Amino acid sequence: MGQLLMVGFDTNATLDSLNDEIGSQHIGNVIYLGGWEGADKVRSTSAHLQKLTSTQATGGIGLIIAADQEGGEVHQLRGVGFTRPPSASQQAQLTPDELTTQATQWARELKDAGVNVNLAPVTDTVPADIGRANEPIGKWGRQYGSTPRTVSRAATAFLKGMLAGGVEGTVKHFPGLGRIRGNTDFTTAGITDDVATVDDPFLGPFKDGIDAGAGLVMVSSARYPKLDAKNAAMFSPAIIDGLLRGRMGYTGVVITDDLNAAAARTLSPADRAVRYISAGGDILLVGDPTVGTTMLTALATSAAGSPALSTKVSASVLRVLTLKDRMGLLPCSIPAQ
């Protein structure tokens, strides 16, 4: 079950800070947080983390090691050995071929440092009449454009570069954060998109990203009452199982946005875990490893008493392992090139 958890590794933490989580609690995925300086530090940390995997610790399965390396304001890996990508709005000024070429080089830098998943690109469309008033995306220039066509054009070019450089990409934040005003990381106010429907054109960039080979889809913690009147997206069977998996045909890994976000903390850690997996999600992303292990314990306890949840857990683990096989992380996998 540890394959369903991704925990944060802060740049200021000691090298052995996740030894117990991986070795004894079987956690299968890590994200670098806090702004890491220099490829040498990242590379040595990645090597240390992968050496912790073993038959007893992780079933011999390698780790997903992820970072947010969108560009512009959002680049967790910095300094010597890493190019700082321009913002998404600047990337969108390149031709698709130019962007793919540059993204391929950025991906090779990540792969060389042991990072195998980039939690990018942003595939949210921020309407021009909202622009910088959109706190999570528009304010920081994280959007590729104000129309779905512009977003799809650049985001798919970025994804193709990631894959060409040996790194899995992630489309986010499904089904879109472009119309909200508040930032779900910090508030529960202004985080409702009351326009989005199953026929929303803003879903187009997500579908195009999936078709371009995105290994993961990140689901948001905002609310979409015309899709689900009761639940935030990450806890919504209608949005994950119904819209994303059913209507859009996505069969891959779904990962949360940060489960420590203000918008998610309206629920207990146990409820966040159980309701997310029940809705059809796969990987629980949480910066604090102690909260993550609490979530796994709650999930295991609940699944033991619920055949329906146990089936959901098994399906989620299978999707994660299928992705890891594609990445060359299983003992029987052909190593990823």
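None of the figures in this text is laboratory data; all of them are computed from the coordinates on show. Quantities reported herein were computed from a predicted structural model and do not represent experimental measurements. Cβ atoms come from the backbone with ideal geometry, glycine included; neighbour counts cover every protein chain shown.
Key figures for this structure:
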read-out	value
The stretch 188-337 shape via C-alpha gyration tensor axes, a/c threshold 1.5	oblate
Spacing of the two label points (7 Å from each Cα toward its C-beta) at D199 and D241, in nm	2.6 nm
Descending principal axes extents, the stretch 94-173, alpha-carbon based, whole Å	40, 23, 15
Derived scalar couplings ³J(HN,Hα) [the stretch 169-178; Karplus, 6.51 cos²θ - 1.76 cosθ + 1.60; whole Hz; x for Gly, Pro]	x, 9, 8, 8, 10, 4, x, x, 9, x
Listed pairs K230/K324; K160/K207; K41/K207; K51/K207 exceeding 24 Å between Cα atoms	K230/K324; K41/K207; K51/K207
Net charge contributed by nearby residues that have their C-beta within less than 13 Å of W140 (K/R +1, D/E -1)	-3
Dimensionless Rg/Rh of the stretch 167-211 - Kirkwood Rh, Rg from C-alpha atoms	1.03
Most to least packed among 194-202, 268-276 [average Cβ atoms within 10 Å]	268-276, 194-202
Rel. contact order, % - alpha carbon contacts under 8 angstrom, at least six apart, the stretch 267-337	28 percent
Sequence-separation-based contact order of the chain, relative, with Cα cut under 8 Å and 6+ spacing, percent	16 percent
From phi via Karplus (6.51, -1.76, 1.60), per-residue ³J(HN,Hα) for the stretch 20-33 in Hz, x at Gly/Pro	6, 4, 7, x, 10, 9, 6, 5, x, 8, 9, 10, 7, 10
Karplus-derived 3J(HN,Hα), 6.51/-1.76/1.60, for each residue of the stretch 41-53, Hz, glycine and proline x	5, 5, 4, 5, 5, 4, 4, 4, 4, 5, 5, 6, 6
Whole-angstrom gap from the stretch 255-297 to the stretch 32-56, using each part's C-alpha centre	23 Å
Expected 222 nm ellipticity per residue - DSSP helices of 4 or more, -39500 (n - 2.57), all of the chain, to 500	-10500 deg cm²/dmol
Protection proxy ranking, peptides 26-34, 40-48, average beta carbon neighbours within 10 Å, highest first	26-34, 40-48
Neighbourhood net charge (12 Å Cβ-Cβ; Lys/Arg +1, Asp/Glu -1) for P331	0
